[in-house]
Amino acid sequence: AQKITQTQPGMFVQEKEAVTLDCTYDTSDPSYGLFWYKQPSSGEMIFLIYQGSYDQQNATEGRYSLNFQKARKSANLVISASQLGDSAMYFCAMREGPLNNTNAGKSTFGDGTTLTVKP
Amino acid sequence: DTAVSQTPKYLVTQMGNDKSIKCEQNLGHDTMYWYKQDSKKFLKIMFSYNNKELIINETVPNRFSPKSPDKAHLNLHINSLELGDSAVYFCASSHIRSGGIEADEQYFGPGTRLTVT
């Protein structure tokens, strides 16, 4: 079974509007971490936001927020006030297990969602 | 002041050749990784080293051999290159960030586009 599922291969959003990119995950481990990364057409992978399974509040980083619904095992990325520079591929990833030296960074990535921001 | 660097950026070679990709990070991180991203953009972890010790070795052909001479370097050597090895290879590093919310996000290098002809 897929550990990370991103059901939207492609999404379009109008500039200045908000957009939600979906991510569901599958794990039986009570301790895990969820990540979102951005890959623009230039190819580099850029870390955006992190949510720990025990974190009480939804993570936010500037215009990025993570809508974490633990019971539904979803970790959707919300981008507010979209900009043309947000056009990129977005990957959701998960680390299973507690955050320690053995598990740190051992992430499984989803297939990605391509976001296109229209002017 | 590049955080994670890889060389070369592009590598074009013929089937059967042996090639290496080098990676260096100046972030002081303990853990480094190699990922393969195929033409459909699927990203798969290949190897992970923590303090020069191998901790993740996914199902990767023996032709791929990582080497970590020190904490800041993780090189990837590929023997007998095949057409299917054509991909973008990313090096990454991470550490356990503390002080507030602990996290272990990864910092990626710019990627090496390997083309095997």
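The values are calculated or read from the model by the stated rules, or taken from the named source; none is laboratory data. Predicted, not measured: the structure shown is a model, and the values here were computed from it. Cβ atoms come from the backbone with ideal geometry, glycine included; neighbour counts cover every protein chain shown. Just so you know, the surface numbers come from the protein's heavy atoms only, side chains and all, with ligands and any DNA or RNA stripped out. Shrake-Rupley method; radii C 1.70, N 1.55, O 1.52, S 1.80 Å.
Tell me, which residues of segment A:6-46 get at least 40 Å² less accessible area when the other protein chains come in, versus the chain alone (1.4 Å probe)?
When all protein chains are present, A:Tyr37, A:Gln39, A:Met45 each give up 40 Å² or more of accessible surface.
May I ask you to evaluate 6.51 cos²θ - 1.76 cosθ + 1.60, the Karplus curve with θ = phi - 60°, for each residue of segment A:6-23 and list the ³J(HN,Hα) values in order in whole Hz, giving x for glycine and proline?
Once θ is set to phi - 60°, the couplings for segment A:6-23 become 10, 7, 9, x, x, 9, 10, 8, 7, 3, 6, 8, 8, 9, 10, 9, 8, 8 Hz.
Tell me the per residue accessible area of the protein assembly as shown using a 1.4 Å probe; a whole number in Å² is fine. List each step's numbers first, then the result.
Values: 11400 Å² over 236 residues.
On a per-residue basis, the protein assembly as shown sits at 48 Å².
In terms of modelled amide H atoms, which long-range or inter-chain residues lie less than 5 Å from the amide H of A:Gly112?
A:Gln6, A:Cys92
Counting only protein heavy atoms and using a 1.4 Å probe, what share of the accessible area of chain B belongs to carbon plus sulfur, as a whole percent? It would help to have the intermediate numbers written out before the result.
Working: 2880 of 5920 Å².
Solvent-exposed carbon and sulfur of chain B make up 49 percent of the total.
List the trypsin sites (Lys or Arg not before Pro) within segment B:37-84 that DSSP assigns to loop and that have no more than 16 neighbouring Cβ atoms inside 10 Å.
Passing both the DSSP loop test and the Cβ count: B:Lys40, B:Lys41, B:Lys52, B:Arg63.
Once neighbouring chains are kept in place and the probe is 1.4 Å, which whole percent of the accessible area of chain A is contributed by carbon and sulfur?
Working: 2650 of 5480 Å².
The value for chain A is 48 percent carbon and sulfur by accessible area.
Please compute the contact order of chain A in relative form: average sequence separation of alpha-carbon pairs under 8 Å and at least six residues apart, divided by the residue count, as a percent. All intermediate terms of the calculation are to be shown ahead of the outcome.
Values: 292 pairs, mean separation 43.8, N = 119.
Relative contact order for chain A comes out at 37 percent.
Can you work out ³J(HN,Hα) from phi for every residue in segment B:19-33, in order, using Karplus 6.51 cos²θ - 1.76 cosθ + 1.60 and θ = phi - 60°, giving whole Hz and x for Gly and Pro?
9, 10, 10, 9, 9, 9, 10, 10, 8, x, 6, 8, 10, 10, 9
Using alpha-carbon pairs under 8 Å, 6+ residues apart, how would you state the relative contact order of chain B in percent?
Numbers: 287 pairs, mean separation 41.3, N = 117.
Across chain B, relative contact order equals 35 percent.
Could you sort the residues of segment A:77-119 by number and keep only those whose accessible area is reduced by 40 Å² or more in the all-protein-chain setting relative to the chain alone, 1.4 Å probe?
The answer is A:Leu99, A:Asn101, A:Ala104, A:Gly105, A:Lys106, A:Phe109, A:Asp111 - residues whose exposure falls by at least 40 Å² when every protein chain is included.
Anything over 24 Å Cα to Cα? Flag those among A:Lys3/B:Lys22; B:Lys19/B:Lys67; B:Lys41/B:Lys71, in the order listed.
Numbers: A:Lys3/B:Lys22 30 Å; B:Lys19/B:Lys67 13 Å; B:Lys41/B:Lys71 28 Å.
From the list (A:Lys3/B:Lys22; B:Lys19/B:Lys67; B:Lys41/B:Lys71), the Cα-Cα distance tops 24 Å for A:Lys3/B:Lys22; B:Lys41/B:Lys71.
What does the buried accessible surface come to for B and A, summed over both chains, with the probe at 1.4 Å? Round to 100 Å².
Numbers: alone 6910 and 6430 Å², together 11400 Å².
The B and A chains share an interface burying roughly 1900 Å².
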